[in-house]
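Asks: First, the structure itself, so that you have it in front of you.
Please treat every number below as a calculation from the coordinates, not as lab data. Since the model is a prediction, treat every value here as computed from it, not as a measurement. A quick note on method: Cβ atoms are made from the backbone with ideal geometry, for glycine too, and the neighbour counts reach across all protein chains shown.
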Amino acid sequence: MNLFKCLALAAVAGICFTVTGPKLEAQVSVNVDLGSAPECPYGYYDTSPYGCAPYGYYGSEWFTGGVFIGAGPWFHGSEGFQGHVNNRYHPEHGYKGPAPQRGEKAEPSRRLDKVAHFKGNEVRDGRGHVSGGKGKR
């Protein structure tokens, strides 16, 4: 009977230590590697699946020296950047017209520093958000 009492006492003590022990919190970390930015002649959309945008979607403020400053996860503009886009060329607004494929080269006649006949109707921040500001022109 003495052995039974000792085992019972040890079990009760073990339960008490378990209940009053420090709680450990698990930390979950998710790292998604999107790889490199899409290679598109006139930039790419700032929302998934990051397809190539047609000429005229982005205004000239989205380009520096003829190089797209990026959008979405690959955005390389300033913190307060706001730039004009013509959202009529965005698939989420019903655009189904022609768009360049990844890896295509820009047509030499289509300048990126001054997009011909650009009609921006929305201001975006480069991170997939519509802004209320006037944007940099």
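Asks: Tell me the net charge near Arg127. Cut-off is 11 Å between Cβ atoms, Arg127 excluded, with +1 for each Lys or Arg and -1 for each Asp or Glu.
Replies: On the way: positive: Arg124; negative: Asp46, Glu79, Asp125.
Computed value for this residue: -2.
Asks: Still on this structure, please answer the following. May I ask you to order 106-114, 75-83 by the average number of other C-beta atoms within 10 Å around their residues, highest value first?
Replies: In decreasing order of mean packing, 106-114, 75-83 become 75-83, 106-114.
Asks: On to the next question. Can you list the HN-Hα couplings for segment 117-122, worked out from phi with the Karplus curve (6.51, -1.76, 1.60; θ = phi - 60°), rounded to whole Hz and with x for Gly and Pro?
Replies: Each residue of segment 117-122 in turn: 6, 5, 10, x, 10, 8 Hz.
Asks: Something else about it: Order these by the 10 Å Cβ neighbour count, fewest first: Trp74, Trp62.
Replies: Values: Trp74 17, Trp62 26.
Listing Trp74, Trp62 from fewest to most nearby Cβ atoms yields Trp74, Trp62.
Asks: Another question, then. Expressed as a rounded percentage, what relative contact order does segment 36-137 have, with Cα pairs under 8 Å and six or more residues apart?
Replies: Working: 203 pairs, mean separation 37.0, N = 102.
Relative contact order comes out at 36 percent.
Asks: Over segment 60-101, what lengths in whole Å, largest first, do the semi-axes of the equivalent ellipsoid take, defined as the square roots of 5 times the eigenvalues of the alpha-carbon gyration tensor?
Replies: Each semi-axis is the square root of five times an eigenvalue, giving 22, 12, 10 Å.
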